[in-house]
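Below: the structure, in structure tokens.
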């Protein structure tokens, strides 16, 4: 059986897990449906395996990622094969080739393990990617398993990009406070035109203090919650969400992005791979 080649794709986003997407290829390099490959290939007796960029076997692939040494990569491979043809999960003889570089992967994992414990409340992640192709070279985490995490403050880039597109400059600014509370429900509207602000609750910064007059540049450098809520209110929630979609951001579960007042604070569990690869 000719090898089924799989290239894993991911993007680097600080503090958030950069999940991998999988692109199935024919041996000649052209995209092919997994069903076509499964039907046309003869049966093989050996187990399916995940291999790195050098062709070295990482581990056997059974479709059960609970005991995998590469759980996040395993889960993404499993999800893609399941979406293509469920029979691939129980089939045998697949060689699933990833772009993982073993030396880079080992260095990334060692770097995380040196500073963050496996049982720590905080989570550390590191992904290394080839910008032109989106291929993963390394994907390391401090926690085992393949649980999903919210995007966190890396979502702040989307209202910032929307603000710059609207004509604001880095030197432009506005006042903001140490606590933010929407004045009315219509302060934030989703892309259906529905009012989704929450005047009943206040949002504060991770650290005490903050507030005053600041520019886009200094506000971005500080990365304070209340500044980005004020910025999202100014440029528009829908405009911020639309910018994220244009840049390729998608939820990890395949559902639509949640359009809440706190969108810029990273309330969505996302797959940022395509966003990181968008020119």
- Item | Exposure proxy order (Cβ contacts within 10 Å, fewest to most) of 96, 112 | 112, 96
- Message: Can you give me the distance in nm between label points at residue 179 and residue 258, each placed 7 Å from the Cα along the Cα-to-Cβ direction?
- Response: 2.4 nm
- Message: What distance in nm lies between label points placed 7 Å from Cα along the C-beta direction at residue 106 and residue 246?
- Response: 4.5 nm
- Rounded to the nearest Å, the spacing of the alpha-carbon centers of segment 187-202 and segment 79-95 is 43 Å
- Query: Between residue 120 and residue 186, what is the FRET efficiency for a Förster distance of 45 Å, r being their Cβ-Cβ separation, to the nearest 0.05?
  - Reply: 0.60
- Task: Take segment 225-266, compute every pairwise Cα distance, and split them into 5 Å bins from 0; I just need the percent in each bin.
- Result: 5, 24, 32, 24, 11, 4
- When all Cα-Cα pair distances of segment 152-277 are considered, the percent exceeding 26 Å is 16 percent
- Can you give the extra length, in nm with one decimal, that the chain gains between residue 133 and residue 86 once fully stretched, where that is 0.36 nm per residue apart less the Cα-Cα distance? 14.2 nm
- Footprinting proxy, 208, 189: sorted fewest to most Cβ within 10 Å, the residues are 208, 189
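FYI, it's all coordinate maths here, none of it is from the lab. Just so it is clear, the model here is predicted, and its values are computed rather than measured. Neighbour counts are summed over all protein chains in view; Cβ atoms, including those assigned to glycine, are modelled from backbone coordinates with ideal geometry.
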